[in-house]
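Notes follow once the structure below has been shown.
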Amino acid sequence: MNCIIIIEMGTAAVKVFAFDLSGNLISSSKGHYPTFHEQTDHSEQDPEQMFITMLYILKNLLIEKIYPKKYTVSCICFGSSMHSLLAVDKDGIPLGNAITWADNRGKKEAAELKASALGEEIYKATGTPIHPMSSLIKIAWMKNNDPAKFGLAKKFMPIKSYIIQQLTGSCVIDYSIASAMGLMNIHNLTWDQAALDFAGITPEELPALHPVFYSGVALKKEYQRVLKLLPTVKILIGSSDGCLATLGAGVWDNGMATITIEDSGAFRIIGDKIIEDSKQQIFNYLLTEKHIITGGPTSNGGVIFNWFTKQFGDFPKAFDIDESMEMLIQEAEGVEVGSGGLIFLPFLHGERAPIWNPNARGCYFGVNIRHERKHFIRATIEGILYEMYSIGRTLEKHRDIKGLSINGNFASIPFCTQIIADIFNKPVSTLSHGDSIGRGAFLLSATEMGIYPSLEEASKTVTMHQTYYPKAENHEIYAQYFKVFESLITKVADEFDIISDLQQRYS
Amino acid sequence: MNQLILQQGASKELVHFPHILEFAHKKNNTIQLNSFSSNVTDCICLYYILEGKFTWIIDLQEHTLYPGDFAMVLPGQRIGGQSSILNIGALFWIKIATEDSGKLLLGKWSGLTKKEKISVNQILLVNKEQHVLKLKEAHLLLHNLQAELQNEEVGFYTRANQLLDELFILISRQLIRQNNSRRDFPQTFLKLEQTLRQNLAHQWTVEEMATLIGMGTTAFTEKVKNYSGFSPLNYLINIRIAEATKLLKRNEANVTDIALNTGFYSSQHFSTTFKKLTGYTPTEFRKNKTPDQ
């Protein structure tokens with residue numbers, strides 16, 4: 001029996017999935033790696049640790065779970081988080097750690113570029129909003145602030161390219177990951193000259209560009225041997241977490257969109273055209289040259305509720321945050337819709353879509369003497385979801401959306417799913433299978449192998465588990481509070497800059 | 001109130017306690033020049049404030065201590081009063097000799113098991129930058145210790161040393177509590193990982209790791225497995241191989257040094273473990289490090 005292995009290099013962990021050719025999950029496993037914050041705004045990961053962790057987890061899964069069941073691996077496909085950047089020297093040796101999407105060190109470079117005509121030109125060409133998250137800004141930062149390292153760097157690549165290069169010896173990148181670097185021209189599928197000039201690099205300093213279906217690389221013999229894989233095993237370079245999650249969310253239909261909320265989150269749609277946005281609020285990433293994933297990301301998803309729980313939750317058992325969260329949610333369920341007029345701006349991590357302001361900060365508004373902890377719990381959750389709604393509304397200017405599918409551990413909490421349905425006033429469906437990134441990567445691999453005639457057909461095999469319908473009376477309340485939420489953000493825009501500046505200066 | 005300053009060699013009360021270099025319960029009524037000048041200590045110095053407000057410089061950092069505060073200074077660290085004076089107030093202090101040229105903080109006098117001694121050692125050293133603790137419980141303990149030393153009632157030798165052990169256990173637990181919120185496992189685990197990385201050559205045991213973050217071994221192992229996907233020891237091996245990979249690529253140290261520095265027993269042990277995971281021996285890997293394109 002044949003099987004497909006998916007390796008997903010996520011933000012906090014590598015996940016490895018094994019699917020049979022019908023799409024049944026045989027087994028999965030994860031391995032955590034740390035993120036280091038040596039300075040404020042910095043967010044880095046050790047590429048060697050990520051590689052070794054991946055190898056360890058992959059090997060154990062194959063030997064303990066897959067081979068004993070008599071499966072043969074026919075294909076290995078990769079997914080990973082977007083926007084990471086690693087510089088390597090002439091021998092291919094990493095110059096320090098990989099920088100993650102959450103790193104904000106390039107705030108100044110991003111602000112300057114965004115305010116210029118060149119910034120608009122690059123945004124239009126690359127589809128990536130001008131923001132410190134993008135590899136473009138990270139390289140520009142290194143050029144300006146770490147010239148020694150920049151001088152030694154022979155190649156700049158996302159972590160996924162590094163992992164594939166360790167395994168195969170080839171330095172390659174897929175359109176999905178490349179289109180999220182802020183360096184690829186998504187209209188003509190080459191590295192964008194204006195972006196390269198701004199970053200101060202040449203195309204030779206980047207990996208070779210390939211479609212997500214590219215399989216022209218082969219595992220080194222040593223890894224074939226140690227993983228007990230056949231020389232014929234196909235290595236599919238695959239796509240990004242965002243594109244794969246959208247493919248795995250079953251929203252190919254024009255009227256559908258998908259919401260992912262894990263620690264961070266995103267609102268995404270899929271289409272055959274790049275959607276131009278004069279306000280530069282949305283991204284366009286390529287699944288393939290014909291299939292564009294358009295949407296907006298938030299930096300303030302479940303991580304904010306996590307923060308709230310750590311600060312204000314009860315911990316009957318040491319370190320058991322899951323139980324503490326459940327208790328808080330239970331408390332929030334007893335609070336009226338709209339949290340008695342308490343409104344929360346969730347921008348503890350600054351914000352990306354739709355305001356793209358790294359200086360944005362959090363705020364509880366409307367507190368009165370009758371508010372208790374339970375109102376703050378519910379307001380925190382509602383605030384995170386209002387923010388998702390404001391991203392969704394940006395997309396709705398371009399596309400008529402009738403229904404939503406959701407995934408991610410925060411969005412999938414039934415209490416949150418119902419609030420999403422009520423705020424959006426649309427039916428919201430959960431997916432039958434668990435991980436939509438893993439599912440998306442399976443569908444991509446299976447399409448490449450000819451099991452499905454097209455990605456569209458593959459996506460149609462995704463089934464919905466349960467649908468939450470909006471309650472009109474709740475939507476009416478949320479709609480009124482949302483207006484306050486939205487106008488608050490505009491009204492305190494100047495104060496965001498002032499307070500963030502003061503925070504940097506005095507803490 | 002009874003003032004007391006006992007010194008090893010001068011006070012008969014300390015004859016049976018060669019490890020206690022000094023024990024003092026002092027009420028300071030006047031400010032005198034050079035009453036507390038800055039010195040690098042060669043023993044463990046512990047202070048507990050009873051009255052007043054003391055401003056001290058410990059390892060270049062200024063600390064203001066109030067009643068209920070406890071200060072710990074380890075061998076090699078520097079302590080002195082601001083402007084070299086001892087402020088007005090009352091305090092206890094005790095100075096304890098270490099063994100094995102400062103490496104073993106709790107000497108033969110201690111009744112802790114070998115494992116517990118290693119753990120306390122580890123905790124104090126890892127947190128050695130944290131000089132000041134809130135430790136009100138130390139008050140009664142030091143008071144009782146004073147009584148044991150002065151009264152020499154039956155069993156005083158054992159009791160006094162037990163009280164010292166109790167004090168060190170108290171300090172260790174408080175250090176762990178102050179550093180770990182017991183709410184944030186990812187943060188606690190990251191700190192643990194950094195501690196492991198700082199001393200990768202050490203043969204860490206699961207007990208030691210668990211103790212560092214104040215958990216029992218079983219709960220710790222389960223939590224780590226759940227969070228990281230690895231058992232604690234496998235997670236450690238993972239870090240070791242990743243670190244060794246970096247050193248191999250850098251092409252500076254020889255393979256045996258890399259093996260020992262990253263915590264493998266021998267170059268053979270390193271070679272076997274490395275090959276089992278990567279398919280290369282360390283030497284082959286080093287030759288092969290250049291990517292093909």
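Does residue A:373 meet the test of being more than 14 Å from chain B (Cβ to nearest Cβ), over 25 Å from residue A:435 (Cα atoms) and open to solvent by 10 Å² or more (accessible area, probe 1.4 Å)?
In short, yes.
Condition check ((1) open to solvent by 20 Å² or more (accessible area, probe 1.4 Å); (2) within 14 Å of chain B (Cβ to nearest Cβ); (3) within 28 Å of residue A:132 (Cβ to Cβ)) across all residues:
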position	(1), (2), (3)
A:234	yes, no, no
A:240	no, no, yes
A:251	no, no, no
A:254	yes, no, no
A:274	yes, no, yes
>> Return the residues of region B:100-115 that are charged (D, E, K, R) and at pLDDT 90 or above; say none if nothing qualifies.
In response: B:108, B:114
>> Anything in region A:1-21 that is assigned to a loop (DSSP other than H, G, I, E, B), open to solvent by less than 60 Å² (accessible area, probe 1.4 Å) and of a type outside the set (S, T, N, Q)? List them, or say none.
In response: A:10, A:12, A:21
> Which ones in region A:308-366 are buried (at least 18 other Cβ atoms within 10 Å of the Cβ), within 14 Å of chain B (Cβ to nearest Cβ) and part of a loop (DSSP other than H, G, I, E, B)?
Replying inline: A:313, A:319
> basic (Lys, Arg) and within 21 Å of the chain's Cα centre (by Cα), is that true of residue A:373?
Replying inline: no
>> Of the residues B:56, B:93, only one is over 25 Å from residue B:163 (Cα atoms), in a strand (DSSP E or B) and open to solvent by less than 50 Å² (accessible area, probe 1.4 Å); which?
In response: B:56
> Considering only residues of region A:463-507 that are modelled with pLDDT of 95 or more and of a type in the set (Phe, Trp, Tyr), which is surrounded by the fewest Cβ atoms within 10 Å (Cβ to Cβ)?
Replying inline: A:469
> If you scan region A:431-459, which residues turn out to be aliphatic (A, V, I, L, M), modelled with pLDDT of 95 or more and not in a helix (DSSP H, G or I)?
Replying inline: A:449, A:451
> So which residues in region B:14-45 are closer than 18 Å to residue B:102 by Cα, open to solvent by 10 Å² or more (accessible area, probe 1.4 Å) and touching a residue at least 60 places away in the same chain (Cβ under 8 Å)?
Replying inline: B:18, B:19, B:21, B:22, B:42
> Somewhere in region A:22-32, is a residue crowded, with 17+ Cβ neighbours inside 10 Å, in contact (Cβ under 8 Å) with a residue 40 or more places away in the chain, closer than 14 Å to residue A:84 by Cβ and in contact with a strand residue (DSSP E or B) (Cβ under 7 Å, 6 or more places away or on another chain)?
Replying inline: no
> Name the pairs whose Cβ atoms lie under 6 Å apart, with the first residue in region A:390-418 and under 11 Å from residue A:295 (Cα atoms), the second polar (S, T, N, Q) and part of a loop (DSSP other than H, G, I, E, B), and 6 or more positions between them or separate chains?
Replying inline: A:394/A:281
>> Where the second residue is of a type outside the set (D, E, K, R) and the first is part of a loop (DSSP other than H, G, I, E, B) and lies in region B:258-281, which pairs have Cβ atoms under 6 Å and are six or more apart or on separate chains?
In response: B:262/B:200; B:262/B:244; B:263/B:200; B:263/B:201; B:264/B:270; B:279/A:223; B:279/A:226; B:281/B:271
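Starting from residues that are in a strand (DSSP E or B) and out of contact with any helix residue (DSSP H, G or I) (no Cβ under 9 Å at 6 or more places or on another chain), keep the ones in region B:33-53 and report whichever is nearest to residue B:145 (Cα to Cα).
Looking at residues that are in a strand (DSSP E or B) and out of contact with any helix residue (DSSP H, G or I) (no Cβ under 9 Å at 6 or more places or on another chain), I get B:47.
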> Among the residues of region A:93-108, which ones are surrounded by fewer than 23 Cβ atoms within 10 Å (Cβ to Cβ), more than 14 Å from chain B (Cβ to nearest Cβ) and more than 21 Å from residue A:10 (Cβ to Cβ)?
Replying inline: A:105, A:107, A:108
> If you check every pair at least six apart or on different chains, which have Cβ atoms under 7 Å apart with a residue in region B:148-174 that is touching a residue at least 24 places away in the same chain (Cβ under 8 Å) and open to solvent by 80 Å² or more (accessible area, probe 1.4 Å) first and a residue that is in a helix (DSSP H, G or I) and among the hydrophobic types (A, V, I, L, M, F, W, C) second?
Replying inline: B:166/B:141
> Inside region A:393-406, can you point out the residues that are touching a Leu at 6+ places or on another chain (Cβ under 9 Å) and crowded, with 23+ Cβ neighbours inside 10 Å?
Replying inline: A:405, A:406
> Quick check, is residue B:136 open to solvent by 60 Å² or more (accessible area, probe 1.4 Å) and touching a residue at least 24 places away in the same chain (Cβ under 8 Å)?
Replying inline: yes
>> Among the residues in region B:279-292, are any within 26 Å of residue A:29 (Cβ to Cβ), more than 12 Å from chain A (Cβ to nearest Cβ) and open to solvent by 70 Å² or more (accessible area, probe 1.4 Å)?
In response: no
>> Only one of B:66, B:48 is touching a strand residue (DSSP E or B) at 6+ places or on another chain (Cβ under 7 Å), at pLDDT 95 or above and open to solvent by less than 70 Å² (accessible area, probe 1.4 Å). Can you tell me which?
In response: B:48
>> Please go through region A:428-466 and give me each residue that is touching a Phe, Trp or Tyr at 6+ places or on another chain (Cβ under 8 Å) and either basic (Lys, Arg) or not assigned by TED's automatic domain parsing to the domain that holds residue A:272 (or both), ordered by number.
In response: A:460
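Could you tell me which of the residues A:82, A:54 is outside the structural domain of residue A:448 (by TED's automatic domain parsing) and either among the β-branched types (Val, Ile, Thr) or assigned to a helix (DSSP H, G or I) (or both)? Working first, answer last.
Numbers: A:82 fails: either among the β-branched types (Val, Ile, Thr) or assigned to a helix (DSSP H, G or I) (or both).
Of the residues listed, the single one that is outside the structural domain of residue A:448 (by TED's automatic domain parsing) and either among the β-branched types (Val, Ile, Thr) or assigned to a helix (DSSP H, G or I) (or both) is A:54.
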> What helices (runs of 4 or more DSSP H), lying completely within region B:158-253, carry at least 1 residues that are among the aromatic types (Phe, Trp, Tyr) and within 14 Å of chain A (Cβ to nearest Cβ)?
Replying inline: B:185-198, B:217-228, B:232-250
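Please state which one of A:85, A:58, A:62 is of a type outside the set (Gly, Ala, Ser), under 27 Å from residue A:248 (Cα atoms) and in contact with a Pro (Cβ under 7 Å, 6 or more places away or on another chain).
A:85
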>> Which of the helices (runs of 4 or more DSSP H) found entirely inside region A:111-186 contain at least 1 residues meeting this: in contact with a His (Cβ under 9 Å, 6 or more places away or on another chain) and either open to solvent by less than 10 Å² (accessible area, probe 1.4 Å) or away from every other protein chain (no Cβ under 14 Å) (or both)?
In response: A:117-126, A:135-145, A:175-179
>> Just to be sure before I move on: is residue A:295 open to solvent by less than 10 Å² (accessible area, probe 1.4 Å) and within 14 Å of another protein chain (Cβ to nearest Cβ) in the structure I sent?
In response: no
> Mind checking which pairs have a first residue in region A:142-166 that is over 21 Å from residue A:191 (Cα atoms) and a second that is aliphatic (A, V, I, L, M) and surrounded by fewer than 22 Cβ atoms within 10 Å (Cβ to Cβ), Cβ under 7 Å, 6 or more apart or different chains?
Replying inline: A:149/A:95; A:152/A:95
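The values are calculated or read from the model by the stated rules, or taken from the named source; none is laboratory data. Because the structure is a prediction, the values reported are computed rather than measured. Please note: Cβ atoms are built from the backbone with ideal geometry, for glycine as well, and neighbour counts cover all protein chains shown. Accessible surface areas use protein heavy atoms only, side chains included; no ligands, DNA or RNA. Shrake-Rupley method; radii C 1.70, N 1.55, O 1.52, S 1.80 Å.
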